[in-house]
Amino acid sequence: MNPYFSKREKENFVRLKLLFGLLDLIIEDYDKSNKLDKDFMANLRRTRTYTQKTLNRRIGFLDSSAKDDLDVTVSRMELLFVPRREVVKYYQEIEKLNSIVRLEQEDFSDWFELMIEYACKTCARSDFKNCRARQILMKIGMYPYNPAAVNQCQYSYVETDEQQGIGVIGDTLLKAKKKKGGTR
């Protein structure tokens with residue numbers, strides 16, 4: 001077995017450890033009862049024993065940092081029973097939160113610079129509307145290099161022979177500059 005937990009396996013073992021603690025409480029409560037069914041109590045105790053053996057067996061394969069991480073995670077958890085509708089609502093909120101990746105501003109800026117440098121700077125795709133990078137940049141509202149571009153990606157730094165979408169005023173300014181001997 002692996003010396004670490006996968007995300008799913010860790011979630012399951014946290015639950016199992018919490019339920020094991022609950023099982024101890026249930027056994028203690030039944031021990032206080034006057035009319036005990038011996039078979040019932042024996043089964044409860046066997047359940048506790050086999051659960052403990054299962055936990056020990058798997059945890060025995062973990063390295064020390066994975067064991068410590070499991071213990072810290074379990075110590076931060078509390079077992080709570082709530083109506084199903086509350087659980088469904090909670091899991092929907094968690095799913096929504098897990099669908100978003102959070103980046104610090106500095107990390108995002110570094111990623112954006114790399115994206116522009118290695119993907120957009122030299123991109124001359126004709127099917128730029130299908131470019132996933134362009135779609136994401138537009139979705140998050142990143143200001144494009146050439147916002148008026150029509151026949152090429154607004155984020156591409158590749159210069160074309162004709163200026164695209166600069167409007168009547170832009171065309172007029174370029175023509176006036178050419179007449180005076182200026183360059184583009």
**OP:** Convert each backbone phi in segment 25-33 into a coupling constant with the Karplus relation 6.51 cos²θ - 1.76 cosθ + 1.60 (shift: θ = phi - 60°), then list the ³J(HN,Hα) values in order as whole Hz, x for Gly and Pro.
**Re:** 5, 5, 5, 4, 5, 5, 4, 7, 6
Original post:
Count of lysine pairs in segment 1-87 with Cα atoms under 15 Å apart, counting only pairs 8 or more residues apart in sequence or on different chains?
Top reply: 4
Subject >> Karplus 3J(HN,Hα) series, Hz, for segment 108-116 with 6.51 cos²θ - 1.76 cosθ + 1.60 (x for Gly, Pro) >> reply: 5, 4, 4, 4, 4, 4, 5, 4, 5
**OP:** Treating the angle as unsigned and between 0 and 90°, give the value, to the nearest 10°, between the Cα long axis of helix 38-59 and the longest Cα principal axis of the chain.
**Re:** 40 degrees
Original post:
Taking 0.36 nm per residue of separation and subtracting the Cα-Cα distance, what length does fully extending residue 99 through residue 125 add?
Top reply: 6.4 nm
**OP:** Would you work out what percent of the accessible area of the chain, with all protein chains in place, is carbon or sulfur (probe 1.4 Å)?
**Re:** 54 percent
Subject >> Acute angle (nearest 10 degrees) that the helix 64-75 long axis makes with the longest principal axis of the chain, alpha-carbon atoms >> reply: 80 degrees
Original post:
Can you tell me the accessible area per residue over the chain, all protein chains present, probe 1.4 angstrom, in square angstrom?
Top reply: 80 Å²
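The values are calculated or read from the model by the stated rules, or taken from the named source; none is laboratory data. Every value quoted in this text rests on a predicted model; they were computed, and no experiment measured them. With ligands, DNA and RNA removed, areas are computed over all heavy atoms of the protein, side chains included. Shrake-Rupley method; radii C 1.70, N 1.55, O 1.52, S 1.80 Å.
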